[in-house]
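The values are calculated or read from the model by the stated rules, or taken from the named source; none is laboratory data. Keep in mind that this is a model prediction, so the values were computed, not measured. Positions of Cβ are generated from backbone atoms using ideal geometry, with glycine treated the same way; all protein chains shown enter the neighbour counts. What goes into the accessible areas is simple: the full protein's heavy atoms, side chains included, and nothing from ligands, DNA or RNA. Shrake-Rupley method; radii C 1.70, N 1.55, O 1.52, S 1.80 Å.
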Amino acid sequence: MGECRLKYALTVTGGLAAIALAAPGIVVLGYVALIVPGLILTAAPTAFVYLAGAAVIRRLSPTKSPTAFLPAALCVALVLGWAAMQPGRLRAITAYESQLLPDVQAGAPLEIDGHVRIEMPHRRGEPECDYLCLALLDCPGVRSTTLVSSNRDNRFEEPCVAGYALEPAEADREPGLFPTGPGRLVREHPTLVRKHAGRNFFTAMKAVEADWAVRLSDTERLRTAEPVSAEAADWVIRFEDRSNDPTARVRRVTISDATGAIRFRRSYVETAAPARVFYLGFDVQWGAGMISNASFRVGRERLSLGDRSLRLEPALLAALRLPMPRQDAGAIDLLRQQVQQAMDDPDATPVRIDMARRYLGLFLFDANERDHLLIAQIVSDHRVRDLEEQLTNVYSERHTPVTMRDAFAKRIVMDHSSPSLRRWLAERLASLPVGAFAEPTATHLAIWETPAIYTEAAPFIARVADLGPARAVPVLEAALETALRVPSWSGRRRLVEGVRSGFARLGPGGAPAAAWIQELFLRRPSPILNNAGDADDWRFALARMGVAIDDLPFFPNQSEHDADQIRRRIADRLRRHEQFDPEEGDR
């Protein structure tokens, strides 16, 4: 190949390499289009590197040297590409081989007892007793489990350690701890996964949680225990999970007994060692079924040993002989019956009352009519505390039954209800059908009349509109005055939005307050809005209150063209509202 041809090849491959490296997405399009363009763009960076290397070698070689000829120069470039990769490749292979350990299979499922230590360095933060901890504690003869995880802030600092034990309840009237997600055993244990594949999968998960809720309120309590060191433990279970390293991954679970003998071990080890010869590979990463990233990197060779699909906790569960909790719907029915009895008993102990929270924790937006009355009774009972985490997964905003009308209101006025729970409850009450609060209880009226409560339950202030204009307008005006006394927009935003929705619901009945709202709207800065969206929502509310479209407020700096567009937008919104939600507010 002559000098001109080499320059031409360098120009072409250099241009293609620049395109591929600068915009890897074009390479992807090349594969999608005709495959061949993608292959050419993928090879271009490597071809350019070797051609450029050969050109440099030719330039530095004496005229009569063999390397002055292009084929020999290319061979030298390839040899240099091979040599450059060897140090890194040898280091990677050495590190990979140091991680290779033979699998150890038990002849029969292992029966563990005594003190069990579970080391999980891949987890961060204070360890909690989860389904795995609980399953091990349920084994006959197991006295305690010690969980070890990495420090949340720095995994090189002292690890986090916690001990747990199952103890007889005896005369203990106080509730103990409750494990995190005991029903997950059905999702992780290979035998249970096969047994409950299909429609009864979630029923089985709920049944396991219900079974433990009954047990831990009856004959047993889960308590903290003194952690046990690795040297003093009868069994040590260790997980290694370094799956986030893109070049070297290790997943391993090991069980050793008190003598240190390995009784069970399964591993998957993988490394991405530098390739034998230098090249630039094209790497595509996928996420959510789509290409999330594409880039070029130095070529690598994947080395691995073991089952790539290995999941550590299922592998451990399959190696142990574990007692199985109830997995039938009868466990759920039993919990429901005991919760009902506790709610009906004014002298029920705290541990029996605590079952109500466990019952609520079974739901994931799937409560049916059979459950509504008991859920309402639980929410209404002031003895049941700290139920926010469980309750917020029971009903979605648009599917809250009217049965909750009084119960949610009673929970809002309880002194121990948090601001976030009050807001959540108020949002659900605000979504109930039109007229649901036309005949309010004393509790509903107390919420609307108490600024300290309705400030935290702001969405519910809108439903005072169900009482009609004569009673609703004074309440909404008072609530808006309360909001205006809050200095920050973030502090008053939700209450302002609740009042606005209430006026929109009232429609023409809110007309007496229209002039005051327009005056607040036009103040600079306005205390009732923070952006253009808020302004449009207030214009819509004013239009619902009877203000003509042409009389809606606009700011002095808005052009007539912008004002006309906004008027048309509000008019369209009014038409849609009257067509689909003639009784609703501005939701």
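What the table shows:
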item: Looking only at region 64-81, and only at residues there that are at pLDDT 85 or above and open to solvent by less than 30 Å² (accessible area, probe 1.4 Å), the one that is farthest from the chain's Cα centre (by Cα); result: Ala77
item: Flag if Asp347 is of a type outside the set (Lys, Arg), surrounded by fewer than 19 Cβ atoms within 10 Å (Cβ to Cβ) and farther than 26 Å from Ala426 by Cβ; result: yes
item: Val413 being closer than 18 Å to Leu506 by Cα, among the β-branched types (Val, Ile, Thr) and in contact (Cβ under 8 Å) with a residue 40 or more places away in the chain; result: no
item: Any hit, region 41-51, residues being farther than 27 Å from Asn293 by Cβ and part of a helix (DSSP H, G or I); result: yes
item: Looking only at region 1-47, and only at residues there that are open to solvent by less than 60 Å² (accessible area, probe 1.4 Å), in contact (Cβ under 8 Å) with a residue 40 or more places away in the chain and more than 45 Å from the chain's Cα centre (by Cα), the one that is farthest from Gln285 (Cα to Cα); result: Leu6
item: Qualifying residue in region 363-385 (condition: among the charged types (D, E, K, R) and touching a His at 6+ places or on another chain (Cβ under 8 Å)); result: yes
item: Among residues of region 381-424, those that are aromatic (Phe, Trp, Tyr) and at pLDDT 95 or above, counted; result: 2
item: Selection status of Ile378, within 18 Å of Met343 (Cα to Cα), open to solvent by less than 60 Å² (accessible area, probe 1.4 Å), at pLDDT 95 or above and of a type in the set (A, V, I, L, M, F, W, C); result: yes
item: Ala563 vs. criteria within 30 Å of Leu425 (Cβ to Cβ), open to solvent by less than 20 Å² (accessible area, probe 1.4 Å) and out of contact with any Pro (no Cβ under 8 Å at 6 or more places or on another chain); result: no
item: Residue within region 457-473 that is within 30 Å of Asp354 (Cβ to Cβ) and of a type in the set (Gly, Ala, Ser) present; result: yes
item: Residue within region 166-174 that is of a type in the set (A, V, I, L, M, F, W, C) and touching a Pro at 6+ places or on another chain (Cβ under 6 Å) present; result: no
item: Among residues of region 418-442, those that are open to solvent by 30 Å² or more (accessible area, probe 1.4 Å) and in a helix (DSSP H, G or I), counted; result: 5
item: Gly468 more than 38 Å from the chain's Cα centre (by Cα), of a type outside the set (A, V, I, L, M), crowded, with 17+ Cβ neighbours inside 10 Å and more than 30 Å from Asp415 (Cβ to Cβ); result: no
item: Which numbered condition Arg463 misses (of (1) basic (Lys, Arg); (2) under 28 Å from Gly533 (Cα atoms); (3) surrounded by fewer than 21 Cβ atoms within 10 Å (Cβ to Cβ)); result: (3)
item: Out of Pro127, Pro182, sole residue that is closer than 30 Å to Glu220 by Cβ, open to solvent by less than 30 Å² (accessible area, probe 1.4 Å) and out of contact with any Asp or Glu (no Cβ under 9 Å at 6 or more places or on another chain); result: Pro127
item: One residue from Leu495, Leu522 being on the phi < 0 side of the Ramachandran plot and either exposed (fewer than 13 other Cβ atoms within 10 Å of the Cβ) or more than 32 Å from the chain's Cα centre (by Cα) (or both); result: Leu522
item: Search result, residues across region 525-547 that are in contact with an Asp or Glu (Cβ under 7 Å, 6 or more places away or on another chain) and either open to solvent by 20 Å² or more (accessible area, probe 1.4 Å) or under 15 Å from Ala479 (Cα atoms) (or both); result: Asp537
item: Candidates Ala535, Ala515 - the one that is out of contact with any helix residue (DSSP H, G or I) (no Cβ under 7 Å at 6 or more places or on another chain) and more than 25 Å from Trp448 (Cα to Cα); result: Ala535
item: Which numbered condition Ala315 fails, given (1) hydrophobic (A, V, I, L, M, F, W, C); (2) open to solvent by less than 40 Å² (accessible area, probe 1.4 Å); (3) in contact (Cβ under 8 Å) with a residue 24 or more places away in the chain; (4) not assigned by the TED database to the domain that holds Ile118; result: (4)
item: Among (1) under 28 Å from the mean Cα position of the chain (by Cα); (2) in a loop (DSSP other than H, G, I, E, B), the one test that Cys133 misses; result: (2)
item: Selected residue (criterion: surrounded by the most Cβ atoms within 10 Å (Cβ to Cβ)) from residues of region 82-107 that are of a type in the set (Gly, Ala, Ser) and free of Cβ contacts under 8 Å to residues at least 12 places away in the same chain; result: Ala83
item: Some residue of region 245-262 being under 23 Å from Leu21 (Cβ atoms) and without any contact (Cβ under 8 Å) to a residue 40 or more places away in the chain; result: yes
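Residue by residue, here is whether (1) in contact with a Phe, Trp or Tyr (Cβ under 7 Å, 6 or more places away or on another chain); (2) over 18 Å from Arg544 (Cα atoms) holds:
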position	(1), (2)
Ser420	no, yes
Leu432	no, yes
Ala438	no, yes
Ala442	no, yes
Pro451	no, yes
Ile461	yes, no
Ala465	no, no
Pro469	no, no
